[in-house]
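The values are calculated or read from the model by the stated rules, or taken from the named source; none is laboratory data. Source: prediction; values computed, not measured. Neighbour counts are summed over all protein chains in view; Cβ atoms, including those assigned to glycine, are modelled from backbone coordinates with ideal geometry. With ligands, DNA and RNA removed, areas are computed over all heavy atoms of the protein, side chains included. Shrake-Rupley method; radii C 1.70, N 1.55, O 1.52, S 1.80 Å.
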Amino acid sequence: MLLILISCILQGILFTNVHTVRSYVDGDVRLADAQYRVSAYYNRQYVFGRVEVSFESNWGTVCWNRWSFYESRTVCTEIGYHRPSDWSTAGPNRIIQDDRVILLDNLYCNGEDRLIDCRHNGYNNVRERCTHYDDVWVECYRDFPVHVSDLPIRLISQQAINAYNSQNNTYLNENDVVHAGLIQAKLNGDWYYISGVGWDLVDARISCRQLGYPDVNYIPEYDPEIALSEDQLIQVTMENLDCVSNERELKECYHDGWLVSDYDVTNLASVNCVTKEQFLSSKETLFRLRGGSSYWEGRLEILHELSWGTICSKDFTLTHADIACKSLGLGRAEEMFNTASSGYGRGIGEIWIGDFDCSNPLSADSLLDCDSSDWGYSTCRYDHAWDVGIKCQVPRPERKIRMLRQYISRQYTMPGVKFYYTEIYHENTWSSPCCYSLLPRISTNRLCRELGLGFGLPYLSRCETDPNKSQQSGLSGYILCYKQEYFSENCLSQLTKLDQCYYGYDVIACADSRVGADYIQVISITSSSGSIENDKKADRPNI
């Protein structure tokens, strides 16, 4: 009994900043049968569902009586959203048919953090006239895009899977190993293996999509002696993971808790994901991205009658963006925009299609698997300001280059152009690159692209001291990249730490918007006068 108490205390102390496990604790709140959508116009993400409260290991509904904005606000903030945008009864079209009880009635909230702390009549003390017709439904919103970063995952120990298959005379080449391995999740700075207890293809598919792959191949076996040989301390989390297919990340799935004390090293979560090349090998290429700084982002275009056209973003949701990313052989969608606000540029020619209605989005490999408007007759038929722009998740190594902070330049100010200090992870420490020593050998456009800051402007990059650093130490050396590496973490490097950066630090210039749809503007600085002038126009790269 004492051990159980200590374990519960440790979970509360160690993981207070981690997404709370959705367990059956009295008073927990959820939105059941939730539907998600994105408003590109308001730049918000919405969730709409039936309010349910847990009591004695069961979920029950809430009666509409006296329900108002204040009760809706408490529900929205409790599940991690900002404010309510709508609330209503189930009505005739959303009545549940099971024997679920109506648990609460007559609630009165006045700024409480949890719905159960509001004034009410008590559990199972509901007026007789309350029926499931009167169940409360609430729509909540939060600012979009929402970057979820509190539970990143990664693939490791790929050589263990390779070894296991070699022992069984199963040929596995180098390309297959890249997308297979054991799954780890990062909790409060430490990497934990995910338990294999309850792990199935649904869980594996969501992990592959989160990692940037379009789908899952299978769940492979592995050699535990090779997989765990380099780990001195094995930590396991998320036992009995139970995803139901509509989650976008593993953190949204049910599980038994963050700490697993009794685990089996031969039963850890593993996966073999479908690569972009495998997924697209048997499919006709009908979609492409244009106007972005990377191959995984841009204005979404579709081929019809031998002509490329755009897609209408009105009522285009994050679910549709997920399907679009999958059709490109990429992972889930990170962001969805209309091109008037994204910087990807407005398209030209036809707005081919829109108004999608996907009745079974989980099985759709392409937006063409969904119902839609007729070709050329979407809601935004003549307005390219509503062209869809998306940014997809792609496989990448653990990040070792980051943006430190923005540098504010009073001398050079231009719309859409910003300057940034950067840092590189070297010898267990984040350090800034010294000027004239490192970053000139890395493409500025590569850095801006990888950091999600837009297009690089090498002629505007500059040397500046950092007043926020007490010691002006930094890095010297080189990072040598060829065209085939998508990320700098995969490039050759030779770095040395310097006690003093004599000329200051490299500051990169990135442009987060572009003028025109098909051209980029290359900006230069003349060394004599320091004035800014247009050097030339270049074709926008078709990445």
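Miscellaneous remarks
- Test: Arg100 is under 26 Å from Tyr46 (Cα atoms), in contact (Cβ under 8 Å) with a residue 60 or more places away in the chain and surrounded by 13 or more Cβ atoms within 10 Å (Cβ to Cβ): no
- Only one of Arg44, Arg22, Arg30 that is modelled with pLDDT of 60 or more, surrounded by 13 or more Cβ atoms within 10 Å (Cβ to Cβ) and within 22 Å of Asp117 (Cβ to Cβ): Arg30
- For first residues located in the stretch 239-265 and open to solvent by less than 80 Å² (accessible area, probe 1.4 Å), partners that are of a type in the set (Gly, Ala, Ser) and lie 6+ apart or on another chain with Cβ distances below 6 Å form the pairs Glu239/Ser195; Asn240/Gly198; Leu241/Gly198; Leu250/Ser207; Val260/Ser195.
- Restricting attention to the stretch 186-212, the residues being within 19 Å of Ile161 (Cβ to Cβ), touching a strand residue (DSSP E or B) at 6+ places or on another chain (Cβ under 7 Å), open to solvent by 20 Å² or more (accessible area, probe 1.4 Å) and modelled with pLDDT of 85 or more number 3.
- Look at (1) surrounded by fewer than 14 Cβ atoms within 10 Å (Cβ to Cβ); (2) at pLDDT 75 or above and you find that Asp466 fails only one, number (1).
- Identity of the residue in the stretch 286-318, touching a residue at least 24 places away in the same chain (Cβ under 8 Å), among the hydrophobic types (A, V, I, L, M, F, W, C) and in a loop (DSSP other than H, G, I, E, B), that ends up nearest to Cys358 (Cα to Cα): Phe316
- The residues of the stretch 326-367 that are at pLDDT 80 or above, surrounded by fewer than 17 Cβ atoms within 10 Å (Cβ to Cβ) and closer than 21 Å to Arg205 by Cβ, listed by number, are Asp365, Ser366.
- Qualifying positions in the stretch 103-138 - assigned to a loop (DSSP other than H, G, I, E, B), in contact with a Cys (Cβ under 8 Å, 6 or more places away or on another chain), within 12 Å of Cys63 (Cβ to Cβ) and without any contact (Cβ under 8 Å) to a residue 60 or more places away in the chain: Asp105, Asn106, Leu107
- The stretch 457-481 residues that are within 14 Å of Leu447 (Cβ to Cβ), paired with ones that are acidic (Asp, Glu) and crowded, with 16+ Cβ neighbours inside 10 Å (beta carbon under 7 Å, 6 or more apart): Ser461/Asp506
- Per-region count, the stretch 412-436, residues within 18 Å of Ser461 (Cβ to Cβ) and open to solvent by 70 Å² or more (accessible area, probe 1.4 Å): 3
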